[in-house]
1. Any chance the range 85-108 includes a residue that's in contact (Cβ under 8 Å) with a residue 60 or more places away in the chain and either within 22 Å of the chain's Cα centre (by Cα) or closer than 27 Å to G38 by Cβ (or both)?
2. Identify all residues within the range 35-63 that are over 11 Å from D2 (Cβ atoms), of a type in the set (D, E) and in contact (Cβ under 8 Å) with a residue 12 or more places away in the chain; write none if there are none.
3. Anything in the range 34-63 that is of a type in the set (S, T, Y) and surrounded by fewer than 15 Cβ atoms within 10 Å (Cβ to Cβ)? List them, or say none.
4. Could you grab me the full set of residues in the range 64-80 that are exposed (fewer than 14 other Cβ atoms within 10 Å of the Cβ) and outside any helix (DSSP H, G or I)?
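No value in this document is a laboratory result; all are computed from the given coordinates. Bear in mind that the values here come from a model prediction, so they are computed numbers and not experimental data. All Cβ positions, even for glycine, are placed from backbone atoms using ideal geometry, and neighbour counts span all protein chains on display.
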Amino acid sequence: MDFSERLKREREKQGWSQTELAEKIHVSRQSVSKWETGKNFPNIEVIIHLSDLFGITIDELLRSDEELKEKVIEDSKQLAYPKWKVFFDSVFLLGVFLLVLKLIILGLNFLLGANMTILDGIPKVVTNFLPLVLMIIGGIGSDQLKDKYV
């Protein structure tokens, strides 16, 4: 029996409607409905509350539903270096922004015959490759940190 079936069975055993259960755990009736149809899952705090309310163990609620077990485990994970992850994501996005800006300026120069330059006085090698370098550094750094959890 999966979580959705178990939840519905326990609720009906108590003689409660979805609305009554929702009021007891301070969520909407629609949330209870989605849990009972398997369209969504509650967070760990609600699972603990449901366990207490029904007088059954958390293990009894979770053990039979592999998908819910994975969701609870994933929700409980915290990135080890969230500030560094944000930093590398920002570096990557800065690279993307500079690349798009460069392409827009090149397009305007080509299509309209404009003579716009990016940061006049800086070597072309820097302006040509800086967006790519930022994207590579940001992408590699972000990728290295995305699976590191506390």
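1. yes
2. E60 - this is the single residue of the range 35-63 that is over 11 Å from D2 (Cβ atoms), of a type in the set (D, E) and in contact (Cβ under 8 Å) with a residue 12 or more places away in the chain.
3. Correct list: T37, T57.
4. Answer for the range 64-80, where residues must be exposed (fewer than 14 other Cβ atoms within 10 Å of the Cβ) and outside any helix (DSSP H, G or I): K77, Q78, A80.
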